[in-house]
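Right, one structure below, let's go through it.
The values are calculated or read from the model by the stated rules, or taken from the named source; none is laboratory data. Treat the numbers as computed from the prediction; the structure is a model and nothing was measured. All Cβ positions, glycine included, derive from the backbone under ideal geometry; neighbour counts span all protein chains shown. For accessibility, only protein heavy atoms count, side chains too; no ligands or nucleic acids. Shrake-Rupley method; radii C 1.70, N 1.55, O 1.52, S 1.80 Å.
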Amino acid sequence: MTTGISTAMAPIAAADCFEIETAFVTPYKLSHGTLATTRAVLVKLTDADGIAGWGEADPSPTFSGESSGDVASILKESLLPAVLAADNPEPGRIDAELDALLADHLFAKGAVSMALLDILGKRLGVPVATLLGGALRRSLPVLWPLGNGTAEDDIRVIEERAAQGFSSFMLKMGTAPIREEVRRVAALEERYGSRLTLIADANQGWSRDQAHEFLTGVSDSRLAFVEQPVGKDDLEGMAMLARDSALPISADESVLGLAHAARLAKLGAASVFSIKSSKNGGPLRAQRIAAVAQAFGIRCYLNSMLEFGITQAASLQHAVTIGNLVEVGHAFMSPLRLAEDPTDFSSFVRDGVVRLPARAGLGIEVDERHIRRLAVAEFHFGTSRSNPG
């Protein structure tokens, strides 16, 4: 607990918002093209006692229909003024007030929620995981993603990352002919056997017929699950594939909010939910999605957008509280793939494992000067600009 500071939330006195951009160390091949850079929106809220909390939004026009500029505009025009006007900015209360103010826009709301949870944890002197019910584990295995490519492309990356301790790999698919993808899985399994865990992710890249062809072709494989084989709105198609498949089906882009999760569960359209803290509106909302999954016997995979360390930290604080995680590596490698990250999250990942920090709040150190160097746009609300730090 901070000495001399009340544990009750104080009003938010200032808000800073930064739209930042950095490059990938290696360009990332997906079903819709190759990405060389990524952008995010970072939010710093400072309360009347001078305690600062950080949040992050990671929109993707391809996956979410929103850009970083869209999120920054929503924060500037609607959400942050409402947060600064609130007498009691407790995270759950603000979530409800922002929903009443504006529908949807979960990325922007998630950034606010992360920052408020960070502040509350710091005021109480506890990690955000404690606010979410308490950590059930102190570490998790970490997955490494493989872009759209051939088995030979995959092997080069797998050999390098396996030497660093990674043992779970996600195969991005959706562009090559189905027969080639089936052969790709078979080649990797022949080479590595049970030493590695493999996941296939089509990123909505297939039709129902293509998805059925792939699932039939790999029915005897050891794939842990197949993620989002068809379009996010084709829940009936997902349900049909889930009924017919010998392998688990994971819903990713189809899992937006609580109502989507409930419909997927009711239809039996997935046996794994891919949860992303930014896309799902922050840890509090993601926690409710995980609860729906548990009620229906669905397991949770903690996935990521193209994230910097703030969102990764928020996701980790939630992940360690979940009892129904799928037994694979989870997506806490995103900052390792970026040329720059203004947090110390990467230091938590060692030997293919991410470890929960002991610090209060989100548990990360944020370099605001570094953020300002990465910023392509920024704005400030409040009586005075907060000091970098």
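Close Cβ contacts (under 6 Å, 6 or more residues apart or on different chains) running from residues in the stretch 336-361 that are under 18 Å from Gly53 (Cβ atoms) and of a type in the set (Ser, Thr, Tyr) to residues that are modelled with pLDDT of 95 or more and open to solvent by 40 Å² or more (accessible area, probe 1.4 Å) are absent.
For the condition open to solvent by 30 Å² or more (accessible area, probe 1.4 Å), within 30 Å of Gly149 (Cα to Cα) and modelled with pLDDT under 95, what is the one hit in Thr34, Thr3?
Only one candidate qualifies: Thr34.
Sub-8 Å Cβ pairs linking a first residue in the stretch 280-296 that is within 17 Å of Glu56 (Cα to Cα) and part of a helix (DSSP H, G or I) to a second residue that is open to solvent by 10 Å² or more (accessible area, probe 1.4 Å) and basic (Lys, Arg), at least 6 apart or interchain, are Ala286/Lys276, ordered by first then second residue.
This table checks each residue for (1) part of a strand (DSSP E or B); (2) of a type outside the set (A, V, I, L, M); (3) touching a Pro at 6+ places or on another chain (Cβ under 9 Å); (4) on the phi < 0 side of the Ramachandran plot.
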residue: Glu181; (1), (2), (3), (4): no, yes, no, yes
residue: Ala224; (1), (2), (3), (4): no, no, yes, yes
residue: Ala239; (1), (2), (3), (4): no, no, no, yes
residue: Ala242; (1), (2), (3), (4): no, no, yes, yes
residue: Glu253; (1), (2), (3), (4): no, yes, no, yes
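Mind listing just one residue for me: the one in the stretch 301-347 that is among the polar types (S, T, N, Q) and in a helix (DSSP H, G or I) and, of those, surrounded by the fewest Cβ atoms within 10 Å (Cβ to Cβ)? Per the stated criteria, the residue is Ser347.
For the stretch 193-223, what are the residues that are open to solvent by 20 Å² or more (accessible area, probe 1.4 Å), out of contact with any Gly (no Cβ under 9 Å at 6 or more places or on another chain) and over 16 Å from Thr175 (Cβ atoms)? If the condition is that a residue be open to solvent by 20 Å² or more (accessible area, probe 1.4 Å), out of contact with any Gly (no Cβ under 9 Å at 6 or more places or on another chain) and over 16 Å from Thr175 (Cβ atoms), then Gly193, Ser194, Arg195, Leu196, Asp209, His212, Thr216, Gly217, Ser219, Asp220, Ser221 are the ones that fit.
Let's see how each residue does on (1) open to solvent by 10 Å² or more (accessible area, probe 1.4 Å); (2) part of a helix (DSSP H, G or I); (3) among the acidic types (Asp, Glu):
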{"position": "Val71", "(1), (2), (3)": "no, yes, no"}
{"position": "Asp87", "(1), (2), (3)": "yes, no, yes"}
{"position": "Asp99", "(1), (2), (3)": "yes, yes, yes"}
{"position": "Gly110", "(1), (2), (3)": "no, yes, no"}
{"position": "Asp118", "(1), (2), (3)": "no, yes, yes"}
{"position": "Lys122", "(1), (2), (3)": "yes, yes, no"}
{"position": "Gly134", "(1), (2), (3)": "yes, no, no"}
{"position": "Asn148", "(1), (2), (3)": "yes, no, no"}
{"position": "Arg156", "(1), (2), (3)": "yes, yes, no"}
